[in-house]
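Only the coordinates and a few stated rules stand behind these numbers; no lab work does. These numbers were taken from a predicted model, which means no experiment stands behind them. Note that each Cβ is placed from the backbone with ideal geometry, even for glycine, and that neighbours are counted across all protein chains shown.
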Ligand code: URA
């Protein structure tokens, strides 16, 4: 209950954010969705066109593929928390360092409210964020995707499992099978 009201308060705060210029292009802030007590927490890059229109994360083509990947791990959208490093529409699908620095405080707080035990950064920007936040050095994503790393968060021990961003498979078909394999492997981790 407390977590819920903290999250709702934060959602309102993000809705009024003008810390960087991205607010000018947003139709809706894409705060994130999922249960407040989710143990699995997914982090993307930032909203695309569809997400901006509807205010929900991962509802475009990459989102469809993500739903398929979640199913391979035996998971559904309803049981995981999904958000992104950036909360406002990224017209060119890129965020600057300054924009990330302005926005990441919100992701910090979402994590501290939800206190997940498994964090899955999707793609390089989320991986970089997780690396800095939890003080874990990672090799490049092509080397470490699908692998499990133990780390310490302020709320306890966590597991970090870096994955390629689902959109990467839409741009490069060869990655589709790699992603499917990685997410299938996740099934045994989340069952524990
Ligand atoms: N890609 C992301 O990284 N986040 C979204 O919310 C949608 C697409």
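Quick check: residue separation of residue 109 and residue 5 times 0.36 nm, minus the Cα distance between them. What number comes out in nm? Can you show the working numbers first?
Values: separation 104, 0.36 × 104 = 37.44 nm, distance 1.29 nm.
Stretched out fully, the residue 109 to residue 5 stretch lengthens by 36.2 nm.
Apply the a/c threshold of 1.5 to the C-alpha gyration tensor of the stretch 81-145 and tell me whether it is rounded, prolate or oblate.
Numbers: a/c = 1.63, a/b = 1.09, b/c = 1.50.
Oblate is the answer for the stretch 81-145, as a/c is 1.5 or above yet b/c matches or exceeds a/b.
Would you calculate a helix-derived [θ] at 222 nm for the chain, using -39,500 (n - 2.57) for each DSSP H run of n ≥ 4 and dividing by the full residue count, to the nearest 500?
Values: 8 runs with 89 residues, N = 192.
When only DSSP H runs of four or more count, the value is -14000 deg cm²/dmol.
I need two numbers for the stretch 152-192: Rg to one decimal and Dmax as a whole number, Cα atoms only, in Å.
Considering the stretch 152-192 through its Cα atoms, Rg and Dmax are 13.2, 38 Å.
Under 10 Å, Cα contacts only: if you run a Gaussian network model on the chain, which one of 174, 151, 126 comes out with the highest mean-square fluctuation?
Among 174, 151, 126, the largest GNM mean-square fluctuation belongs to 174.
At 10 °C and 1.306 mPa s, what whole-number value in µm²/s does Stokes-Einstein give for the translational diffusion of the stretch 108-153, with Rh from the Kirkwood sum over Cα pairs?
Working: Rh = 11.3 Å.
Taking Rh from Cα pairs, D becomes 141 µm²/s.
Starting from the Cα gyration tensor of the stretch 112-189, take the square roots of the eigenvalues, sort them a ≥ b ≥ c, and report rounded, prolate or oblate (rounded when a/c is under 1.5, otherwise prolate if a/b is larger than b/c, else oblate). Don't skip to the end; give the middle numbers.
On the way: a/c = 2.16, a/b = 1.68, b/c = 1.28.
Prolate is the answer for the stretch 112-189, as a/c is 1.5 or above and a/b outweighs b/c.
Just check the stretch 32-128 against the gyration tensor rule for me: Cα atoms, a ≥ b ≥ c as the square roots of the eigenvalues, rounded for a/c under 1.5, and otherwise prolate or oblate depending on whether a/b exceeds b/c. Please report the intermediate quantities before stating the final value.
Numbers: a/c = 1.74, a/b = 1.19, b/c = 1.46.
Since a/c reaches 1.5 but b/c is at least a/b, the shape of the stretch 32-128 is classed as oblate.
Going by how many other beta carbons lie within 10 Å of each one, how would you line up 139, 6, 182, fewest first?
139, 6, 182
To the nearest 0.05, how large is the calculated FRET efficiency for residue 68 and residue 13 if R₀ is 25 Å and r is the Cβ-Cβ distance?
Details: r = 33 Å, r/R0 = 1.33.
After rounding, the FRET efficiency stands at 0.15.
What are the extents of the Cα atoms of the chain along their three principal axes, listed from largest to smallest and rounded to whole Å?
40, 37, 30
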